[in-house]
Amino acid sequence: ISLIFIVHILTQFISTVVFELTIGISLWKQYFTIQVIGIVVVILLWEVILTNFQVLEKLVKAEKLQIVSHLAASISHEVRNPLTVTRGYIQMLSEDVSSHTKVRYANIALKELDRATDVINDYLTFASISPENTERLRVSEEIQHVVNSIKPLANNNRTELKLSLFEDGAYSIMGERKKFQQCLFNILKNGIESMDHAGEIYIDLIHAASTIQIKIQDQGIGMTQEQIYRLGEPYFTTKNKGTGLGMMVSYSVIKSMDGTVHVSSVQGKGTCFSINLPIHKYEAN
Ligand code: ADP
Ligand code: MG
C-alpha cells in the first residue's frame with residue numbers, strides 16, 4: 001500500500017516538475033484507481049504463488065518425516081513384541097516350576113531376544129541419526145572387512161566364502177563406510193541363510209570403465225521371479241524368523257550411492273547379486 005502512495009506522489013512530482021504538466025482531477029482519479037487495482041492484483045498473485053511454493057515444500061518435508069516415523073513406529077513395535085514375550089517367560093521362570101520347564105522357558109526367552117537383536121541389526125545403520133561422512137572407500141578393503149565379521153556365521157552354516165578380489169588401490173568409490181558394510185553384510189547373510197547344506201559363496205570384484213561391480217553368488221534355494229521383484233520391500237520375508245528389513249536397507253544404501261543392483265536367480269541352484277557402483281575419479285596430487 002505504501003508503495004502505491006510513493007509511486008503516486010512520484011508520478012505527480014515528475015509530471016508537474018519535469019513535464020510542466022498539470023493533470024486534471026478526473027484524469028488523476030482514473031489513473032489512481034487503475035494503478036491501485038493493478039498493484040492489488042499483482043500483490044495477490046505474488047502471494048498465491050509464494051504460498052503455493054511454501055505449501056509444496058512443507059508437503060515434501062512432511063512426506064519424508066512420515067516415512068521415517070512410520071518405519072520407526074513399526075520397528076519399535078517389532079522390537080517390543082519379542083521383549084514383552086521374553087519378559088513374560090522370565091517372570092514365569094522366577095516362579096516355582098520344574099527344571100525341565102525352566103529350560104524350555106529360557107530357550108523361548110533367548111529366541112525372542114535374538115529376534116529383537118535381528119531387527120535392530122538389520123535396521124541399525126539405516127536409522128542411524130547422526131549422519132556419517134561420505135568418504136573415499138576401497139571396495140576390496142570393505143569386502144574383506146565384512147567377510148571377516150561374517151565368518152563365524154558362515155562357519156556355523158558350513159559355508160565357505162571364496163573371494164576373488166583385485167588390488168583396487170587406484171579405484172575408489174564414494175560412500176558412507178558403515179552403511180556400505182551393512183549393505184554387504186545383509187546380502188552375504190541372506191546368501192548364507194539360503195543354503196541349508198554345506199556350500200560356497202563366491203564374491204567377485206570386477207572393474208569396468210566407470211563402475212566397479214561386486215558379484216555375490218550363492219548356492220542356495222534361489223528365488224522366484226516374484227520374490228526377486230519384491231526384494232527391498234519392507235517386511236517382505238519368506239523366513240519364519242525373518243525381519244524382511246535386510247534387503248530394504250541394502251537397496252536403499254546402494255541407491256544412495258548412485259549404484260544399481262541386479263539379481264538373477266535359479267530356484268534350487270542359487271542366486272547372484274550384482275552390485276554396480278560408480279568409480280570415483282582418482283585425482284593424483
Ligand atoms: P530376511 O532375511 O529377514 O527374510 P531380507 O530383507 O534380508 O529379510 O530378505 C528378504 C527375502 O528375500 C528373504 O526372506 C528371502 O526370501 C529372499 N532372499 C534374499 N536373499 C536371498 C538369497 N540369496 N537366496 C534366496 N532368497 C533370498
Ligand atoms: Mg536377511
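Odds and ends about this structure:
- Amide H partners (placed H, <5 Å) of Gln267, local residues excluded: Met223
- Fully extending the segment from Ala208 to Thr11 would add 64.0 nm, taking 0.36 nm per residue of separation and subtracting the current Cα-Cα distance.
- For the chain, size of Cβ-based charge dipole, Lys and Arg +1, Asp and Glu -1, in debye: 420 debye
- Neighbourhood net charge (12 Å Cβ-Cβ; Lys/Arg +1, Asp/Glu -1) for Pro82: +1
- P(r) tail fraction, region 128-214 - alpha-carbon pairs more than 16 Å apart, %: 56 percent
- With Cα atoms as the point set, region 183-238 shows a radius of gyration and Dmax of 13.0, 38 Å.
- Most mobile listed residue (Phe273, Phe32, Phe166) in the chain, GNM with C-alpha springs under 10 Å: Phe32
- Under the Karplus curve 6.51 cos²θ - 1.76 cosθ + 1.60, θ = phi - 60°, whole-Hz ³J(HN,Hα) for region 82-91, x wherever Gly or Pro sits: x, 5, 5, 4, 4, 4, x, 5, 5, 4
- Ranked from largest to smallest solvent-accessible area, with a 1.4 Å probe on the protein heavy atoms, Glu167, Glu160 come out as Glu167, Glu160.
- Under a 5 Å amide H cut-off, with hydrogens placed 1.01 Å from N, His280 pairs with Ser172, Ile173, Met174 among residues at least 5 apart or on other chains.
- HN-Hα J in Hz across region 156-163 - Karplus 6.51, -1.76, 1.60, θ = phi - 60°, x for Gly and Pro: 4, 9, 6, 9, 9, 9, 10, 9
- Based on protein heavy atoms only, the chain ends up with 64 Å² per residue of surface accessible to a 1.4 Å probe.
- Note that region 135-281 shows a convex hull volume over its alpha carbon atoms of 103 Å³ per residue.
- Largest-first principal axis extents of the Cα set of the chain (Å): 107, 62, 39
- Candidate aspartates and glutamates - alpha carbon under 13 Å from Lys215, same-chain residues fewer than 8 apart omitted: Asp204
- GNM top mover of Leu184, Leu44, Leu110 - the chain, alpha-carbon springs below 10 Å: Leu44
- Largest GNM mean-square fluctuation across Val36, Val85, Val55, computed for the chain with C-alpha springs under 10 Å, falls on Val36.
- Taking amide H positions as modeled 1.01 Å from N, with prolines and chain starts lacking one, the residues under 5 Å from Ile201 and 5 or more places away or on another chain are Glu160, Leu161, Lys162.
- Heavy-atom accessible surface of region 135-281: percent carbon and sulfur, 1.4 Å: 50 percent
- Sites Thr117 and Ala62 - FRET efficiency at Förster radius 30 Å, r taken between beta-carbons, to 0.05: 0.40
The values are calculated or read from the model by the stated rules, or taken from the named source; none is laboratory data. These figures come from a predicted structure and were not determined experimentally. Backbone-built Cβ (ideal geometry, glycine too); neighbour counts: all protein chains shown. In case anyone asks, the SASA skips ligands and DNA or RNA and just uses the protein heavy atoms, side chains included. Shrake-Rupley method; radii C 1.70, N 1.55, O 1.52, S 1.80 Å.
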